[in-house]
Structure formats: C-alpha cells, structure tokens
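Enquirer: Quick one: this structure, given as structure tokens, is what I'll be asking you about.
Every read-out reported here was derived from the displayed coordinates using simple, explicitly stated rules and does not represent laboratory data. Computed from a predicted structure; not experimentally measured. No Cβ is skipped: glycine too gets one built from the backbone with ideal geometry, and neighbour counts run over all protein chains shown.
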Amino acid sequence: MEGSTIQIPLRSSTRSSEQLKFLIRRGPSLGTLSEIEVTDRTNASVTYTHRSASGPGEDEFTYAIQAPDRPVSVASRVRISVETPPAVIVADRALEFGDVAIGTVVKKTARLKNTGGSAANIRLEATKPWSIEGKDSLLLPPGESGTFEVAFRPTDAIQYTTNIAYAGDPARQGLQVTGMGTVPFAFVTRETLLLHDMSAGRRIGTTRLANRTDEPIEVTLAASPHFEVAQRATLPAGGEVELPIAVEAAALGAQTGELTASSPTFSATTALKAPAAPPRVVMEPAGDVDFGQVSRGRLYRKSIQLRNLGGAPARLSALMPEGVSVLPEPEAFPLAPGETRAFEILFEPHSRFEGNESLRFGFGAHFLVIPLKATFSGESSPGVKPRASATPVPSPSPTSRPIAIPTGSMSGVPPIEQIGIVEATRRSIHIVWKNPSTDAHTFILEERRIEFTQQGRGGFIVWKRLPAKIEKIGDRVHARIENLKPGSTLLVRIVTEDFMGYLSAPSPTFSLQTEAPRRLQVPWWPFALAAVVALVVWIRRRRREQMRRLEEETDRIVRQV
C-alpha cells in the first residue's frame, strides 16, 4: 500500500559452509531499503519503505551474494507492486425511527465517512417502506464525510429492520435502520353490541374511537346496511370520541355488520351486532271482544287474530279470567315475527262475571290486554280477579270451526328422528340423540298429558315442558329425566330451538318407561332348611317313642314269665 513498509526476505543456496555476504546491487526508485539484516548462513532480510509522494506503481531492486574468496554472484531481481488503499465507508450510528403511524412519513439524516485511502463513489439503495430522499449517491474522497436523508413510511403495524446498502463500498457494510409501524387510530373494542332501548324504542349502542397520534385526525364513517351512524368525526390528538350507532327502525331482525373509520391513509373496522327487536304483539283489528247477551250453562266463542310486529318470536302465555279459555294453547308454539295467528276464545259464563274483565297475553316482560265484555242475564256478584292458569279447554262441538295449530318447522334445524335409551331406573331415565344441526342451541322436552275441563267433561291432549338435565358431549346430546315414579310410562317429544329463538318441528312421540318397583322376594332356602330340621327332629322323637314302647313290652313279658 502507498506509504507503507514491508519486510522482504533474501535467500540463497550454496555448497559453501561459510557465511554468505548479501549485497544490494541496484536500489528501488519509489522507496528506500534499510540495511540488510543477516538471519543465518544463507538467509537475510531487508525492509522496504514506500514514499507516499511517489504514488502507486511497480518498483524493484536487485541483490547478489558472495562467498569468502569467491566472486560476486549474478544479481537477483525483486519486484514490488505498490497499490492505493481501498475506500472504507463508516456510518456515524444506526438510524432508529421509533414508533411511526401508518400512513405518515418520518425523515432522518444519516452521515457516512470515508476512512479508507481511496475516493468512493457511493450509490445508496433502500427497500420499502424505506426510501432515499433527494440524491441517492455520494462522492467521498479519503477522510471526507457526506450526508443523505432516509424516509420511513410504514404500511403495517409491525417492527421493521433492514440495512441500506452502499453500492461502491468494497466492505458492503450498509447502514442499519429500524422502526415500528403503529396504527394512527383504532376502535377501543372489536365488537359493538346494540341493544333495545325502551325510551328510544329502537336498538342503539356506542363505540369509542381512539387517536394514537399527537395530531387531530378527520375520519369518514361508514356502516353496513341497516345501521345508522354519523358520516364524519374529528379525533382529538391523543384522545377518544364516542360514536353513537343505531339500527334502522324498519330492520326488525337480528343484524350483523361493520363500522369503518377511514382517513386518506388508513382505515379501522369494528364489528356490529344487534339481536332481533323484541316481540310486539297486537290484536288485529284492535278493540275488545264482546260476547253480547250470555247465560249460564252455555258455551260462547269468539275469534281473534294476533300479529307479531317485532323481530323476535313471541312466546305467548295467557292470563285468563274464570270461565275463559283459548284455542289453540298460546304456549304451544311461538308467534314468529310478522306472523298472524287466529285464536278462538271460549267463554262459559258464571254468576260472578262482572261483564267487563280482560284477557291478558304475556310475551316477555310485556302484556297485550284484551277487554272482554258480556251482558249477563242473571244477577251479578262481585267479580273475581284473573288467575294465571293453563286451564284445560272444553272439547269443541262438531259445529265449531277448527283452529289450525302450526306444526311445520319454523327454523332450519331438522327434527330429531331417533333417540337411544342409555339407562332406565325406577326414578330416572337417561336418553341420548344425535345433534341434528350446529345451529341447535337449546333442546326442549315435552310430555303429553290428558286434561279435562273444570266440569270433568272432555279429554284434551296438552304438551307440558318436562324438566331435564341436558348436556352436549361432542355431536351427541344427553338428557336425564329425574324424580319419576317407578313403573311409570312417559310419552315424550323433543323440540329444538336455534340461536334466533325459532323452534323446529317436534320429533315423533317416544314412549319411555321407568323400571318397575321390585317385589319383596323372600328366600326359599330358610324355609326348606327349617322343614328338613323339623322332619329330622320328628323322626328322632318317633324312634325314641317306639324304642320306649318296645322296652316296656319286653319288661312286661319278662315279669309274666
């Protein structure tokens, strides 16, 4: 290298056993040689020092050897190649950008220095999300420094690390740069649930949007169909805003969707979920039910139509005054959203009827109150309060109009076709069946019963919910019915409820029977043993009695002789 020093070995071979003498015959032109240093009989060394002013090039010198009392040998040539030191590029430090919001840009300046002996023409190369701003090349003489600008534009919320390469740097060290992409704003929760608000009469909810930067951000808001939200919002620097959301009044069913907040460089999304609007049952047309002139001992009928104007099935229950019953049973099947169902009100007057009482249909926490009117031909007495009852209804007369009871499936869950009996004891029955669908949420066991009117006339089939412990294990559903009577028979059907509250068609009616009560079984062997013992004792007594009589007869004969 230019201006450097190098030690050069000098060697020779000879048959002489005496010390050889080394002689410099012609010196170098670009540098100088030190005095020759003899290392042993045939070897020596000399130090070559290059003059920096001479520059790079080819240099040489010659040397010869001489033995004592011998002539000088032919000179040997030593060639030396002098080169310029390469460029060495060094960065002051690695660049650390820290946290940078997605969609924004941060720029930093880097400094490079050439610590080598040659000039360096450097071209800078960066990969996304990094870029070189301005000139992407530097010309650095030896010992000089230069600067360039690096920009960081993250596109994802991840940690970025890379090296910016120096094309033209022999060492190819590169400049390490690091940075963390962060979201500029985000929803505080991943999902927002919109529930029915009684005062507002609709399903509403709120979500919060947080600004993660030090600058205010304007965002545009967009929601899925059937959801209502403001079109724009301003996020304060480092703060949050609360966004009210509502479901359209006409969209009664369960709703799912998304709310998206967008800026020119970024967008964030949260899920929206709203259960179906609660049931709302009305009578069409609205009004009262007037039976007109009535008398005791007769049965009167009036037809009404109930409609569910809500978004969820209405599980009806009836609160009926004395002498009033409803066909079909309101509890039998939920009233689906938008469904209209005909009911027949049967009225058997009694002397305490005041002429102005009411029939109440319950659905959830609400009631539909239908006034009942009649003019009683007899003298009335103080009325009685309505009572909650599943009063069995009288059998319709052959002339009455039949009431259609819905039996088709109201959900997409198929009915259960078969069950298996795992165990039947005197007090419980354990059954199992295959889960008919992944949409099945709850299973309802119902028992068939026969009920009669208060006067004991007519037998009517009713289905009553049967308490059971139900457990899902894999694709099987186990049900245990307890507190049963020994030897009893149950006629049971199963109805499946999905996640929306809709019921499937009922299964076939299954006959289940508990184990019969055990009869008292007395073991036979103690009696047999007692009989054998008694027989043996009797035989022994009989033999003793015979022997005694024989001895007495023998003594009598002996005395006579």
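Enquirer: By the scheme Lys and Arg +1, Asp and Glu -1, what is the net charge of all other residues having a beta-carbon under 13 Å from that of Val432?
Expert: On the way: positive: Lys434, Lys469, Lys472, Arg476, Arg480; negative: Glu423, Glu471, Asp475.
So the environment of Val432 carries a net charge of +2.
Enquirer: Still on this model: Hey, how many Å between the Cα centroid of the stretch 109-166 and the Cα centroid of the stretch 277-294?
Expert: Answer, in whole Å: 83.
Enquirer: Using +1 at the Cβ of each Lys and Arg and -1 at the Cβ of each Asp and Glu in the chain, identify which of Pro225, Leu368, Leu466 lies farthest towards the dipole's positive end.
Expert: Leu466
Enquirer: What is the extension gain from Ser34 to Ala91, computed as 0.36 nm multiplied by their sequence separation minus the C-alpha to C-alpha distance, in nm to one decimal?
Expert: Details: separation 57, 0.36 × 57 = 20.52 nm, distance 3.94 nm.
Stretched fully, the Ser34-Ala91 segment lengthens by 16.6 nm.
Enquirer: Given labels modelled 7 Å from the Cα in the Cβ direction, how far is it in nm from Arg543 to Arg15?
Expert: 14.7
Enquirer: Modelling each spin label as a point 7 Å along the Cα-to-Cβ direction, I'd like the Thr84/Thr62 distance in nm, to one decimal.
Expert: That separation, rounded to one decimal, is 3.2 nm.
Enquirer: A follow-up question, please. Quick one, which of (1) 25; (2) 55; (3) 64 is the actual percent of Cα pairs over 43 Å apart calculated for this model?
Expert: Checking each listed value against the structure points to (3).
Enquirer: Which pairs, out of Lys273/Lys464; Lys128/Lys273; Lys113/Lys135; Lys108/Lys128; Lys273/Lys469, put more than 27 Å between their alpha-carbon atoms?
Expert: Details: Lys273/Lys464 34 Å; Lys128/Lys273 38 Å; Lys113/Lys135 17 Å; Lys108/Lys128 15 Å; Lys273/Lys469 31 Å.
Listed pairs above 27 Å: Lys273/Lys464; Lys128/Lys273; Lys273/Lys469.
Enquirer: Next question. For the stretch 89-182, give the magnitude of the charge dipole about the Cα centre (Cβ charges: +1 Lys/Arg, -1 Asp/Glu; no others), in debye to the nearest 20. List each step's numbers first, then the result.
Expert: Values: 10 positive and 10 negative charges, 19 e Å.
Using only the charged Cβ atoms, the result is roughly 100 debye.
Enquirer: Sticking with this structure for a sec: Quickly estimate the mean residue ellipticity at 222 nm for the chain, helices only: each DSSP H run with n ≥ 4 gives -39500 (n - 2.57), and the total goes over all residues, rounded to 500. Present the calculation step by step, with values, prior to reporting the outcome.
Expert: Numbers: 1 runs with 36 residues, N = 561.
The per-residue figure over the chain is -2500 deg cm²/dmol.
Enquirer: Taking only the alpha-carbon positions of the stretch 420-513 and ignoring solvent, what does the Debye formula give for the base-10 log of I(q)/I(0) at q = 0.16 Å⁻¹?
Expert: Treating every Cα as an identical point scatterer, log10 I(q)/I(0) equals -0.71.
Enquirer: Related question: Stretch Lys113-Leu221 to full length: gain in nm at 0.36 nm per residue minus the Cα-Cα span? Intermediate results must be reported in sequence, preceding the final value.
Expert: Details: separation 108, 0.36 × 108 = 38.88 nm, distance 5.03 nm.
Contour length minus the Cα-Cα distance gives 33.9 nm.
Enquirer: Just to confirm a number: summing +1 for Lys and Arg and -1 for Asp and Glu over residues other than Pro184 whose beta-carbon lies under 12 angstrom from that of Pro184, what do you get?
Expert: Every neighbour counted, the sum reads -3.
Enquirer: For Arg123 and Thr234, what is the calculated FRET efficiency with R₀ set at 60 Å and r taken between the beta-carbons, to the nearest 0.05? Provide the component values of the computation, followed by the final result.
Expert: Working: r = 45 Å, r/R0 = 0.74.
With a Förster radius of 60 Å, E is 0.85.
Enquirer: So for the pair Thr49, Ala286, with labels modelled 7 Å out along Cα→Cβ, what separation do we get in nm?
Expert: Modelled inter-label distance: 11.6 nm.
Enquirer: Please give the length that would be gained between Ala365 and Glu515 if that part of the chain were fully extended, namely 0.36 nm times their separation in residues minus their C-alpha to C-alpha distance (nm, one decimal). Could the numbers behind the result be given before it?
Expert: Working: separation 150, 0.36 × 150 = 54.00 nm, distance 4.17 nm.
Gain on extension, Ala365 to Glu515, equals 49.8 nm.
Enquirer: Which residue, chosen from Pro321, Gly27, Pro244, occupies the Cα position most advanced towards the positive end of the dipole of the chain, where the dipole is computed from +1 (Lys, Arg) and -1 (Asp, Glu) charges on Cβ about the Cα centre?
Expert: Of the options given, the answer is Pro321.
Enquirer: Taking the Cβ of Ile345 as the center, what net charge do the other residues with Cβ under 10 Å away carry, scoring Lys and Arg +1 and Asp and Glu -1?
Expert: Numbers: positive: Arg301, Lys302; negative: Glu344.
So the surrounding residues net to +1.
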